[in-house]
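Structure, as structure tokens:
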Amino acid sequence: MTVEDVRFVVETKSELDIKNITEKVKKIVQKNDIQEGTVTLFVAGSTAAITTIEYESGLIHDISEALDRLFPKDIHYKHHEKWHDGNGHSHIRASFIGQSFTAPITDGELELGTWQQIILCDMDVKSRSREVIVKMIGE
């Protein structure tokens, strides 16, 4: 069994900044020696998340609207009382989506659906440098 560990940084803007990281991850997977296994991505930070979506402008808009309906920015969050940073909604949104994603590697290639891209969603109220940790396990 082989274990590979790679990290890369994604620069983001404030509020819901969605970055397509699919090609970066595909290149990392292709450069490793694992033919059959899994790749797990983890974003270090409690106001960012990783998931998949069809990366197109309509769905980018729709996910933003859905998060606004589910977790509005303009309501009271107890988190604001402690830190006064106004990002309570950012933490809840990221927690709801999750900070990790796992996909299979088959014949040395990342397996995704035809219209499925991997996205990093930064929901914080200010710009960030987000570290993505990539762990590949397999043979």
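Table for the structure above
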item	result
Size of charge dipole - the stretch 2-138 - debye, nearest 20, with Cβ of Lys, Arg +1 and Asp, Glu -1, no other charges	440 debye
Ordering of 28-38, 51-61, 116-126, 11-21 by burial proxy (mean other Cβ atoms within 10 Å per residue, highest first)	116-126, 11-21, 28-38, 51-61
Calculated FRET efficiency for the pair GLU131/GLU36, C-beta based, R₀ 41 Å, to 0.05	0.90
Packing-based exposure ordering (other Cβ within 10 Å, fewest first) of SER95, SER129	SER129, SER95
Rg/Rg_ref, the chain, where Rg_ref = 2.2 N^0.38 Å and atoms are Cα	1.12
9 Å beta-carbon shell around VAL9, net charge (K/R +1, D/E -1)	0
Residue-averaged 222 nm ellipticity for the chain, from DSSP H runs of 4+ at -39500 (n - 2.57), nearest 500	-8500 deg cm²/dmol
Dipole of the stretch 2-138, positive direction: furthest Cα of SER57, SER90, LEU70, with charges on the beta-carbon	SER90
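Bear in mind these aren't lab numbers, they're just calculated from the coordinates by the rules spelled out. Computed from a predicted model, the values in this text were never measured in an experiment. In this analysis, Cβ positions are derived from the backbone assuming ideal geometry, glycine residues included, and neighbour counts consider all displayed protein chains.
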